[in-house]
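Q: Okay, here's the structure, questions in a sec.
Computed from the coordinates by the stated procedures, all read-outs in this text should not be read as laboratory data. The shown structure was predicted, so the numbers you read here are calculated from the model rather than taken from an experiment. Here the Cβ is made from the backbone with ideal geometry for all residues, glycine too, and neighbour counts use every protein chain on show.
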């Protein structure tokens, strides 16, 4: 199996629904995004699939990722739900399949990840990923799965720097894929971000994305309008200097935007 090489930035689809989702994904591909992220829980795999069917780019030039929802993490459900995801996406396989949340009761590392491994062997998925895993969970997954864990998708932005997790994943050669990279829009309220944005004559959102990419994480912003999608993609052209990084690192806030009570995640302490 070829090594997974993620583009520096991807396109997220959380909360995108119906025709808006299909049009947004098509715009994103047209603008230059090559990594498209969805999930069973988003309820939009069919709409993403419609966009992929309409796009003129070769399938081999796209990286498509989806996630298995929490109550589908028992082995038979993993496989059945993944087959359904592929049908909705109109694909023979996906490049990356994630465990969406390691939900106790449904998620059992040995059994769940064995099912993921079988899907790799069947050619239904190319790579195994996890999402919302702390270091303890990652250690367990790495030791349990007979296929490499190539990515961990977590909330990450300048208001949640994830330094310990970033360092750990870099050592293990595991991509950190950053969801909510704009902190649900809150990033624009911080003067440190605005100061850097003003210096470079770019948006606060672009500064956040550039900061994430600067240390090798992969942001997956969601957007709908063509201007916002282009704004996100253009963050690739921003180079932050040492002074910029120091200003952003000075932000004292460490705050999650996503912390659903039904999962009760036991997050690593900084």
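Q: If you build the Cα gyration tensor of the stretch 36-121 and take the root of 5 times each eigenvalue, what three semi-axes come out, in whole angstrom, biggest first? Working shown, then result.
A: Values: eigenvalues 115, 33, 19 Å².
One finds semi-axes of 24, 13, 10 Å for the stretch 36-121.
Q: For the chain, give the share of DSSP beta bridges that are antiparallel, in percent and rounded to the nearest 5; count only bridges with both residues there. Don't skip to the answer; put the middle values down first.
A: Numbers: 1 of 26 bridges.
The antiparallel proportion sits near 5 percent.
Q: To the nearest µm²/s, what D does Stokes-Einstein give for the chain at 25 °C and 0.890 mPa s, using the Kirkwood radius over alpha carbon pairs as Rh?
A: Numbers: Rh = 18.8 Å.
The calculation lands on 131 µm²/s.
Q: Sorting check: for 80-92, 143-155, which peptide has the highest mean count of neighbouring beta carbons within 10 Å, and how do the rest follow? If you can, show how the numbers build up before the last one.
A: Details: 80-92: 17.2, 143-155: 19.7.
Listed from highest to lowest mean packing, they are 143-155, 80-92.
Q: For helix 191-200, report the angle its Cα long axis makes with the longest principal axis of the Cα atoms of the chain; keep it between 0 and 90° and round to the nearest 10°.
A: For helix 191-200, the angle is close to 80 degrees.
Q: Continuing with this model, one more query. If you take the square roots of the eigenvalues of the alpha-carbon gyration tensor of the stretch 137-259 and sort them as a ≥ b ≥ c, do you get rounded (a/c under 1.5), prolate (a/b over b/c) or oblate?
A: Working: a/c = 2.00, a/b = 1.69, b/c = 1.18.
In terms of gyration-tensor shape, prolate.
Q: For residue 15 and residue 246, compute 0.36 nm times the residue count separating them, minus their Cα-Cα distance, and round to one decimal in nm.
A: Values: separation 231, 0.36 × 231 = 83.16 nm, distance 3.32 nm.
Difference between extended and current length: 79.8 nm.
Q: Let me ask something else about it. Run a plain Debye calculation on the stretch 65-196 (Cα atoms as equal point scatterers, no solvent) and give log10 I(q)/I(0) at q = 0.09, 0.10, 0.15 Å⁻¹, rounded to two decimals, same order as the q list.
A: -0.29, -0.35, -0.72
Q: To the nearest 10 degrees, how steeply does helix 109-121 sit against the main Cα axis of the chain, on a 0 to 90 scale?
A: Its long axis makes an angle of about 80 degrees.
Q: Quick one: order 215, 127 by neighbouring beta-carbon count within 10 Å, fewest to most. Don't skip to the answer; put the middle values down first.
A: Numbers: 215 15, 127 24.
In order of increasing Cβ crowding within 10 Å: 215, 127.
Q: Continuing with the same structure: Fewest to most neighbouring Cβ within 10 Å: what's the order for 203, 198, 227?
A: Working: 203 21, 198 12, 227 9.
Ranking 203, 198, 227 by Cβ neighbours within 10 Å, fewest first, gives 227, 198, 203.
Q: Hey, another quick one. Which value, in Å³ per residue, describes the convex hull spanned by the Cα atoms of the stretch 156-220? Don't jump to the answer; show the numbers that get you there.
A: Values: hull volume 4.6 nm³, N = 65.
In the stretch 156-220, the Cα convex hull volume per residue is 70 Å³.
Q: I want to check the label-to-label distance for residue 3 and residue 199. Put each point 7 Å from Cα in the C-beta direction and report it in nm to one decimal.
A: 3.3 nm
Q: Where both partners of a DSSP beta bridge lie in the stretch 68-175, what percent of those bridges are antiparallel, to the nearest 5? Could the numbers behind the result be given before it?
A: On the way: 1 of 11 bridges.
Here the share of antiparallel DSSP bridges comes out near 10 percent.
Q: Give the order of 69, 14, 211, 101 when sorted by the count of other beta carbons within 10 angstrom, beginning with the fewest.
A: Values: 69 19, 14 15, 211 26, 101 22.
Final ranking by Cβ density, sparse to dense: 14, 69, 101, 211.
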